[in-house]
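Presented below is the structure to which this report refers.
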Amino acid sequence: MMPMRFDVITLFPELVASVVSGGVTGRAMERSIIGLKSWNPRDFSTDVHRTVDDRPYGGGPGMVMKADCLLQAIRAARQENPGKVVYLSPQGMPLNQQLVRQFATEDNLILLCGRYEGIDERIIELEVDMECSIGDYVLSGGELGAMVLIDAVTRLLPGTLGHDDSAAQDSFFDGLLDCPHYTRPDELEGLSVPAVLKSGNHADIARWRKQQALGRTWQRRPDLLKARQLTVSEQALLDDYINEFDRSTKLH
Ligand code: 9WO
């Protein structure tokens, strides 16, 4: 299999490189499941100071990334990577697991990272296929967004995770939050492990985990539940959870 290739346009290539310095993404790089290359717009700057920013038209604080060297960096990357250009910005489409899955079907992605107060809007018009946000907050640049995207996509690629199905069994595998996890010791500061997890009854354990996933999603992210049709047995598990919750919070 050809590696999935990420080309990143960034003024901070060493920052982006750290996403593959260890862990699951590092292993994916070692196994050639992914490839990563950065392109620094500063290397395409022609003046003696290697300038990459300029004052904004219309005035105001801060600087804007210059179009010319950015354009050249993107086009150099495009020569090696014919993939979609994704600009990481708060104005973009919110990244979620569905979009991550979509990205994981691509052979190539070019991730464009802005700095300062942003990039010249004409770069977006000319070169960007999609604008993508990792959340409603402002960072000091797009690099952390690109790294989040690379991490989330890489763990879905075949061969990255130890077990074939551990990605599928993860939180969000079907639009629910994850269930709680426990390991030894049996008792920690007076807190014990739920008995069902030690019962050895795999059907009971699976049912408990599904119920916890449903209950926690109901409590913490009702928006996710509204987006997901529950089966009859899931609805029954959730009803039990809600009844138990009501009983434990109301004083009888
Ligand atoms: C900086 C700034 C400073 C003073 C007044 C207004 C300002 N806006 C910005 C700004 O939005 N800077 C951005 C920094 C420009 C594009 C790259 N940067 C960025 C990307 N910040 N946050 C992201 C990002 C990317 C993906 N998902 C969430 C946030």
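Of note:
- Meets criteria (surrounded by fewer than 22 Cβ atoms within 10 Å (Cβ to Cβ) and among the hydrophobic types (A, V, I, L, M, F, W, C)) for PHE6: no
- Tally, over the stretch 33-49, of residues that are closer than 17 Å to ALA152 by Cα and part of a loop (DSSP other than H, G, I, E, B): 1
- Taking the numbered list (1) without any contact (Cβ under 8 Å) to a residue 12 or more places away in the chain; (2) open to solvent by 30 Å² or more (accessible area, probe 1.4 Å); (3) not assigned by TED's automatic domain parsing to the domain that holds ARG31 in turn, LEU177 passes all entries but (1).
- Considering the stretch 95-127, the residues that are more than 29 Å from GLY175 (Cα to Cα) and aliphatic (A, V, I, L, M) include one that is farthest from the ligand (Cβ to nearest atom), namely LEU126.
- Contact map, the stretch 47-63: residues that are of a type in the set (Ser, Thr, Tyr) paired with residues that are open to solvent by less than 50 Å² (accessible area, probe 1.4 Å), Cβ distance under 8 Å, separation 6+ or inter-chain. Pairs shown: THR51/SER45.
- Number of residues in the stretch 215-239 that are of a type in the set (Ser, Thr, Tyr), surrounded by 10 or more Cβ atoms within 10 Å (Cβ to Cβ) and without any contact (Cβ under 8 Å) to a residue 40 or more places away in the chain: the value is 1.
- Yes/no for PRO61 being over 26 Å from ALA227 (Cα atoms), open to solvent by 50 Å² or more (accessible area, probe 1.4 Å), within 16 Å of the ligand (Cβ to nearest atom) and out of contact with any Phe, Trp or Tyr (no Cβ under 8 Å at 6 or more places or on another chain): yes
- Search result, residues across the stretch 240-252 that are open to solvent by 60 Å² or more (accessible area, probe 1.4 Å) and not polar (S, T, N, Q): ASP240, GLU244, PHE245, ARG247, LYS250, LEU251, HIS252
- The residues of the stretch 67-88 that are open to solvent by less than 10 Å² (accessible area, probe 1.4 Å) and within 14 Å of the ligand (Cβ to nearest atom), listed by number, are LEU70, VAL86.
Results for (1) in the same structural domain as GLN72 (by TED's automatic domain parsing); (2) part of a loop (DSSP other than H, G, I, E, B); (3) modelled with pLDDT under 95, shown as yes or no for each residue.
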residue	(1), (2), (3)
LEU111	yes, no, no
TYR116	yes, yes, no
CYS132	yes, no, no
TYR137	yes, yes, no
GLY141	yes, yes, no
ALA146	yes, no, no
ALA152	yes, no, no
ASP164	no, yes, yes
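- Flag for PRO94 being closer than 24 Å to TYR137 by Cα and open to solvent by 70 Å² or more (accessible area, probe 1.4 Å): yes
- Where a residue in the stretch 137-148 is near the ligand (Cβ under 6 Å from one of its atoms) and open to solvent by less than 30 Å² (accessible area, probe 1.4 Å) and its partner, wherever it lies, is modelled with pLDDT of 95 or more and in a loop (DSSP other than H, G, I, E, B), with Cβ under 6 Å and at least six apart: GLY141/ARG115; GLY142/GLY114; GLY145/ILE134
- The C-beta contact set for the stretch 183-201 (first residue free of Cβ contacts under 8 Å to residues at least 60 places away in the same chain, second residue of a type in the set (Val, Ile, Thr) and open to solvent by less than 80 Å² (accessible area, probe 1.4 Å), distance under 9 angstrom, 6+ apart or interchain) comprises THR183/VAL193; ARG184/VAL193; PRO185/VAL193; ASP186/VAL193; GLU187/VAL193; VAL196/ILE205; LEU197/ILE205; SER199/ILE205.
The values are calculated or read from the model by the stated rules, or taken from the named source; none is laboratory data. Just so it is clear, the model here is predicted, and its values are computed rather than measured. No Cβ is skipped: glycine too gets one built from the backbone with ideal geometry, and neighbour counts run over all protein chains shown. Side chains included, ligands, DNA and RNA excluded: accessible areas come from the protein's heavy atoms. Shrake-Rupley method; radii C 1.70, N 1.55, O 1.52, S 1.80 Å.
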